[in-house]
């Protein structure tokens, strides 16, 4: 088995702690607000991506990380808006998948994250931007509190968009979630597990990705596992972003000719970051198979 690459996440955490200690919250929060104010792209779909197949044709990042802004924009241009509500858990105050919907499409919604500072940054920037219909709450999400957190914050059953990225229990949270019925779901998948295996990390209410393994390889679920779960919940897979990070699903009653259903093998994209670090798909899979994933 190839050596498992270990990210220096403890060093990164130490640097973040140092920044928090040395730089006042007001200054750091101001930087977040300033980033929210940068102009959105006017070149959409991106002219440089003309002819690119699938959802990647529409990708760009304004306040998202992996081109999600463009993909989400394309999907809702096809299906329109109904409730204009979202739920997102696992998010960044500077980069998250619902920010464009809030700022440009007047969405209301709920964001949840375990970081109190991340939540404070978001709520500060939202006030500065005049966003009143969305809020972030600090919570360490478990299967036991997930639904109560959402219901308790006034989210209606019918929502347009759900984004799920917690680097661990993603599969189990989506399986549990019944108190909302999103028309569109964006969920992170673990591309290192390949397109065919149906695997996830076992549920652990205290799951923390880099504590489980410092490489970060032990996390989330495979695309095939999420495809199968989606089918059981009444959703079909429509594609993945080109970086091999997110999978996009639509509810069965939401259909448009330009957004066909695809299989996990058709939609799969390998993990661009790991490939860029010189770890081949075969090596990624070999590493993954040495870890205690659960078949589902």
Notebook entry, point to check: Can you sort 262, 87 by how many other beta carbons sit within 10 Å, fewest first?
Noted result: 262, 87
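What's the extension gain from residue 206 to residue 143 if we count 0.36 nm per residue and subtract their Cα-Cα distance?
On the way: separation 63, 0.36 × 63 = 22.68 nm, distance 1.08 nm.
Fully extending the segment from residue 206 to residue 143 adds 21.6 nm.
Compute the relative contact order of region 9-295 as a whole-number percentage, counting only Cα pairs closer than 8 Å that sit 6 or more residues apart in sequence.
Working: 505 pairs, mean separation 43.6, N = 287.
Relative contact order of region 9-295: 15 percent.
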Notebook entry, point to check: When a footprinting reagent is the concern and you count Cβ atoms within 10 Å, what order do 235, 189 take, fewest first?
Noted result: 235, 189
Item checked: Range of Cα positions in region 8-163 per principal axis (Å), largest first -> 47, 36, 32
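Quick one: if the Förster radius is 25 Å, what FRET efficiency do residue 176 and residue 117 give, using the C-beta to C-beta distance and rounding to 0.05?
Details: r = 27 Å, r/R0 = 1.08.
The formula returns an efficiency of 0.40 here.
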Next item on the list: Per DSSP H run of n ≥ 4, the term is -39500 (n - 2.57); total these for the chain, divide by its residue number, and report the mean residue ellipticity at 222 nm rounded to 500 deg cm²/dmol.
Entry: -10000 deg cm²/dmol
Notebook entry, point to check: Given a Förster distance of 35 angstrom, what is the FRET efficiency for residue 41 paired with residue 258, based on the Cβ-Cβ distance and rounded to 0.05?
Noted result: 0.95
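Please report, largest first and rounded to whole Å, the three semi-axes of the ellipsoid equivalent to the chain, where each semi-axis is the square root of five times an eigenvalue of the C-alpha gyration tensor.
Values: eigenvalues 141, 122, 82 Å².
In descending order the semi-axes read 27, 25, 20 Å.
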Check: Comparing 68, 117, 88, which has the greatest mean-square fluctuation in the GNM of the chain with Cα pairs linked when under 10 Å apart?
Finding: 117
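Hey, fewest Cβ within 10 Å first, where do 69, 40, 165 land in order? It would help to have the intermediate numbers written out before the result.
Working: 69 25, 40 13, 165 22.
Result, fewest neighbours first: 40, 165, 69.
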Notebook entry, point to check: Any idea what log10 I(q)/I(0) is at q = 0.15, 0.24 Å⁻¹ for region 23-101, Debye with uniform C-alpha scatterers and no solvent?
Noted result: -0.61, -1.19
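Throughout, read-outs are computed from the coordinates displayed, never taken from laboratory work. Keep in mind that this is a model prediction, so the values were computed, not measured. All Cβ positions, glycine included, derive from the backbone under ideal geometry; neighbour counts span all protein chains shown.
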